[in-house]
Amino acid sequence: MIRDLHTKLVAGEVTAVGLAERYLQAIEKREPEIRAFLTVLGEEALHSAKLVDEQLKRGETIDLLAGIPGAIKDNICMTGVRTTAGSKILDNYIAPYDATVVKKLKAKGVVIVGKTNMDEFAMGSSTESSAYQKTRNPIDTERVPGGSSGGSAAAVAAGEAVWSLGSDTGGSIRQPAAFCGVVGLKPTYGRVSRSGLIAMASSLDQIGPFGMSVEDVAIVFSRIAGADPLDATTAESGNGKLFEEYLTGDIRGLRIGVPKEYFSEQLDSRVRKATLAALERFKSLGATVTEISLPHSTSALPVYYILMPSEVSSNLARFDGIKYGLSINDQKDSAEETSALLETYLDTRRHGFGREVKRRIMLGTYTLSAGYYDAYYKKAQKVRALIRQDFETAFQAVDVIFSPTTPEAAFRFGEKTDDPLRMYLSDIYTVTANLAGVPAISFPIGHIEEVGKQLPVGGQLMGKWFDEETLLRAADAFERRSADAS
Ligand code: GLN
C-alpha cells in the first residue's frame, strides 16, 4: 500500500495534501464509532503534507514514507502534542520533545494524523483500561480491538491511517494486530530506541510498527530502527540494507519450529485449525516444519507478571504530582509543608491512576520489598534466563518459531474486565518473546466464523535476536501465497 501511494505521489496522481485530507475525512467519518484516536492532528498533518508537495514540486526525490499518513500511540512523545499514555495523571501533559522514533520519521517527511488510544500506561489487552475511551474493533464493533496498542491497530484496520506505531511489553503490538487483522512487529530488544516512550517495564518495552501488509511494516521499521545515543540499550546492527529489500518471496529451505507447549487446552480449536493450515501453507512454499520444545515457556506468564509489575512500580514512581502532569494539592497554604507534600503525592496518585495501574504498582512494590525480593523478583529473573536459553537451544535447530499469536480471536467488551487473571491469559503466547528479547511478528493467517462475523486469526513468528529480516521475509511470502489463493 505504501509503495503504491508513493508511486502515485511521485507521478503526481495524488498530492500529499490530498492524501492527508482523505485520511482526515476517514477519521471524521469513522471515529464516532471506532474511537481509535485521543488526539487528531489535522493542522499539523496538512502542514507536513504541504512540505512534501513543495519538495515534489521542486523535483526533489522523496522518501518512500514521505507524505504517507500514519498514527502514533499516545505513550510516544511528540513535541507540543498532548501525550497521555491513556492516563488521567498525564491528562494535561504536553511533551516538550520528540521521541527518537518520531524524530526519525519526521525527518523522512511522514504525515502524522494523530495520537492513538491505549490501555492506561500500556497495561491491558483490550483498551478497556484507558482512562478516556474504549476503542472498538473495526471488524466487529461489539468486540475489543486488543491492547494495549488497540487504537493503533484499529486506526490502520479502519482505514484511518496507512501505518501506525505501537509499543509491546508483553504482546501489545501483536495481540491487537491479530484481533484487528493487520500486521504488527515487535522488534528485537535494543533494535529501536525507547527514548521518548513513556516507560512501562523498561527491560521488556519495544516500539514497533503496524500496517496492512508485511511490506508496509518493513518500510516503517527500516525508518525507526538503529542505535541511539539517547537509549543505551540500543545496538548498531544490520548492514544498511532496508528491511523491505529482504522480501523476496522465497523461503525454500526455511526451518520452522513449532513449540509443542503452545498447543495447550487454552487454545481455541478453531485457532488451532487455522494455525495448522498456516503450517501447511508454509510447507507448500518450501519450508520445513518440525516440532520443538520451549520447556520453560509454561512459566513465562507468571514470570512476566512478577517482573513487569516490579518494573512498573519503579517506573511509575515519578508520577507524584510534582514532576509531571496532574497535581492534586488542596493544601497549598498549609503550614505543615511536609504533610502537604505527602498529601499531594497520595491524592495525585489516588485520583490520577486507574485500577489496573494501581493493582500492578502494589504487586510490584510487594515483589520488590525486602522480605519477598528473593522469593519473587530474584527467582523470576532466574527463570527468565532459562526462558532465554530455551530460545538459544531452539535456534540451533530452526530458523524461526511459529505459533498462534493469541489463544482465541477478539473477545467482547466486558468479557474479561472482572477477572484480571483471565485478561492476563490473552498474553500467554506473546510474553515469552519479550522476556527473551527476540523479535516477533503477528500477521493474518485466517478467520473464524462467529455469529455471522469473520474474526481474524493471527499467526506469530519469533526469530533470532536481530534477525527481523527472516521474520519479515517469511511473513511476506505467506501473505503473497494468501493473495494468490484468494
Ligand atoms: N497485555 C499485556 C499486559 O497487560 C501486555 C502489555 C504490553 O505489551 N504493553 O501487560
- So the strands (runs of 3 or more DSSP E) completely within the range 363-464 holding 3 or more residues that are under 25 Å from Val192 (Cβ atoms), open to solvent by less than 10 Å² (accessible area, probe 1.4 Å) and within 16 Å of the ligand (Cβ to nearest atom) are 440-450, 453-463
- Note on the structure: For the range 25-71, the count of residues that are of a type outside the set (A, V, I, L, M) and in contact with a Pro (Cβ under 8 Å, 6 or more places away or on another chain) equals 1
- Does the range 269-276 contain at least one residue that is closer than 20 Å to Tyr429 by Cα, without any contact (Cβ under 8 Å) to a residue 12 or more places away in the chain and of a type in the set (Ser, Thr, Tyr)? yes
- Note on the structure: From the option list Thr135, Thr116, Thr141, single residue qualifying as under 21 Å from the mean Cα position of the chain (by Cα), open to solvent by less than 60 Å² (accessible area, probe 1.4 Å) and more than 16 Å from the ligand (Cβ to nearest atom) is Thr141
- Message: I need a count of the residues in the range 308-344 that are modelled with pLDDT of 90 or more and open to solvent by 70 Å² or more (accessible area, probe 1.4 Å).
- Response: 2
- Item | Conditions (1) open to solvent by less than 10 Å² (accessible area, probe 1.4 Å); (2) in a loop (DSSP other than H, G, I, E, B); number of the one not met by Ala475 | (2)
- Counting just the residues of the range 119-129 that are open to solvent by less than 10 Å² (accessible area, probe 1.4 Å) and either hydroxyl-bearing (Ser, Thr, Tyr) or free of Cβ contacts under 8 Å to residues at least 40 places away in the same chain (or both), which one comes out nearest to the ligand (Cβ to nearest atom)? Ser125
- Among (1) more than 23 Å from Lys416 (Cβ to Cβ); (2) within 16 Å of the ligand (Cβ to nearest atom), Gly184 falls short only on (1)
- Task: Pairs only if they're at least six apart or on different chains, beta carbon under 9 angstrom, first in the range 162-190 and over 19 Å from Asn137 (Cβ atoms), second away from the ligand (no atom under 13 Å from the Cβ) and modelled with pLDDT under 95; list them, first residue then second.
- Result: Thr188/Ala235; Thr188/Ser237; Gly190/Ala235; Gly190/Ser237
- Item | Cross-chain or 6+ apart pairs with Cβ under 8 Å, the range 146-159 first and more than 14 Å from Arg174 (Cβ to Cβ) and open to solvent by less than 10 Å² (accessible area, probe 1.4 Å), then within 12 Å of the ligand (Cβ to nearest atom) and assigned to a helix (DSSP H, G or I) | Ala154/Pro176
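The values are calculated or read from the model by the stated rules, or taken from the named source; none is laboratory data. The structure presented is a predicted model; accordingly, all values stated were derived computationally and were not measured. Positions of Cβ are backbone-derived with ideal geometry, glycine not excepted, and every protein chain shown enters the neighbour counts. In case anyone asks, the SASA skips ligands and DNA or RNA and just uses the protein heavy atoms, side chains included. Shrake-Rupley method; radii C 1.70, N 1.55, O 1.52, S 1.80 Å.
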